[in-house]
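Below you'll find the structure, written out as C-alpha cells, and then a few comments.
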Amino acid sequence: MASIAFPYLRIRPDNVLADTWTIERGEHVSYLTERLEDWDPTEVLHLRRRIRLNFDQAALALGVPAGNLVMRASLIFGTGGPRGERLRTIRESHLLTQASPEAEFALVLEGDEVSERLALRTIITLHETAPGSALSPARPGVELWHDLTRMGLEPEEPRFAIQVESFASVFRDTPHALWRLDWTPAVIDRDMAGNVRLYVNADRPEFVERVSAGDASTMNMMTAAVMEQLVSSVLAHNAAPEGDEAPTSIAVTVGGWIEQAFPGQDAPSVRELVRRDPAAFSAGLATLAAELGHADD
C-alpha cells in the first residue's frame, strides 16, 4: 500500500506490540483470518486483542517527555460491503500512560451488527502532552499510529457486470483487446452494477475460458485494471468520491477503493500520488485487487 507523509513526528511501528486478533466461536478460539468460514448470522462473535506500548521509546520518537505524555488507544469497528462501510463506530477507548502502557480490547458482535465484511481499526492518538520539539505533535486527537484488520463474512457480489462479445464485430477499433470497460465518468452518482460493464473478447477463447473458470490471476489482473481506470478517471474529473450518493453508486465504490488501497489519504492526496508516482498508485490498487480476490463466482 502507498503511504502518506505526516507533518509531525509519529510513533515508530516497532514501539507498538500488537497481538493478533483472536475470535471465539462457542468454545473454539482461533486467530482472525481473512474470511470466516461457515458464518451463521445468528451466532455471537467474541473478538480480542491486546496492545502494549514501549512507552519510553514512543515518547522519544515523538520528542516529548514521557512523564507528561498521555495517549489514547481506540478501537473503531466498521462493517459493510466492498462498496464501502455502512457503519463505523468507536467501540472502546483506553488511556495509555508511562505507568499504564497497555490496552486490551474485547469486542462482542451480534449477528445483526455485521454484514459482508468487518473492519477493525486500532488507532493511537494524542491525548495530552508537554511541549516538545517543533515537529512534536501538540494537538489532542492527532493520529500517532494505526493498524487495520479486515475479515470477510459472506461471499462478495461482483462489482460490475461482465459480458462476452466478439470484438471483431462489436468493437472493431480494438479487435485484439482482451477486455474493454464501458462506463461514463460523468455519472458517478449512478449505480455501479447497472452503469459499469466489462466486455470480454469472445474472439480470444482461451482468455474467455480463464475468466469463466474464475482464474484468480486473471480476475485479479482485470479487477486491478478496472479499479485503476475508474479511480484515475474520477480523480481526473476532480469528482469527490465521498459524497452523499447511494452505497451502490460508482462514487461510493471508488471512495471505498481509495480508502482501502491508500489508508489515511483523501482524494486530493491520491490525485497527487497519481501525478507524482503513478507506479505506486497502480501497485496500491493491484494489491487491493489481490487482497479482495474478486473472482466472479
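The values are calculated or read from the model by the stated rules, or taken from the named source; none is laboratory data. Everything quoted here is computed from the prediction, not taken from an experiment. All Cβ positions, glycine included, derive from the backbone under ideal geometry; neighbour counts span all protein chains shown. Heads up: the accessible areas ignore ligands, DNA and RNA and are worked out on the full protein's heavy atoms, side chains in. Shrake-Rupley method; radii C 1.70, N 1.55, O 1.52, S 1.80 Å.
Is it the case that THR79 is of a type in the set (Ser, Thr, Tyr), buried (at least 18 other Cβ atoms within 10 Å of the Cβ), part of a strand (DSSP E or B) and modelled with pLDDT of 95 or more?
No: the conditions fail for THR79.
Condition (residue is in contact with a Ser or Thr (Cβ under 6 Å, 6 or more places away or on another chain), in a strand (DSSP E or B) and either open to solvent by 40 Å² or more (accessible area, probe 1.4 Å) or free of Cβ contacts under 8 Å to residues at least 24 places away in the same chain (or both)) applied to segment 115-123: is it met by at least one residue?
No: segment 115-123 contains no residue that is in contact with a Ser or Thr (Cβ under 6 Å, 6 or more places away or on another chain), in a strand (DSSP E or B) and either open to solvent by 40 Å² or more (accessible area, probe 1.4 Å) or free of Cβ contacts under 8 Å to residues at least 24 places away in the same chain (or both).
Just one of (1) closer than 26 Å to SER249 by Cβ; (2) of a type outside the set (S, T, N, Q); (3) part of a loop (DSSP other than H, G, I, E, B) trips up HIS176, so point out which.
All conditions are met except number (1).
Tally up the residues in segment 89-114 that are part of a loop (DSSP other than H, G, I, E, B), open to solvent by 30 Å² or more (accessible area, probe 1.4 Å) and at pLDDT below 95, please.
Going through segment 89-114 one residue at a time, the tally reaches 1.
Could you grab me the full set of residues in segment 35-60 that are surrounded by fewer than 18 Cβ atoms within 10 Å (Cβ to Cβ), touching a residue at least 24 places away in the same chain (Cβ under 8 Å) and either small (Gly, Ala, Ser) or not in a strand (DSSP E or B) (or both)?
TRP39, ASP40, PRO41, THR42, GLU43, VAL44, ASN54, ASP56, GLN57 - these are the residues of segment 35-60 that are surrounded by fewer than 18 Cβ atoms within 10 Å (Cβ to Cβ), touching a residue at least 24 places away in the same chain (Cβ under 8 Å) and either small (Gly, Ala, Ser) or not in a strand (DSSP E or B) (or both).
If SER166 meets every condition in (1) open to solvent by 50 Å² or more (accessible area, probe 1.4 Å); (2) at pLDDT 85 or above; (3) out of contact with any strand residue (DSSP E or B) (no Cβ under 7 Å at 6 or more places or on another chain) apart from one, which number is that one?
With (1) open to solvent by 50 Å² or more (accessible area, probe 1.4 Å); (2) at pLDDT 85 or above; (3) out of contact with any strand residue (DSSP E or B) (no Cβ under 7 Å at 6 or more places or on another chain) applied to SER166, the lone miss is (1).
Go through (1) modelled with pLDDT under 90; (2) open to solvent by 30 Å² or more (accessible area, probe 1.4 Å); (3) of a type in the set (D, E, K, R) one by one and return the number of the condition ASP147 breaks.
It fails just one condition, (1).
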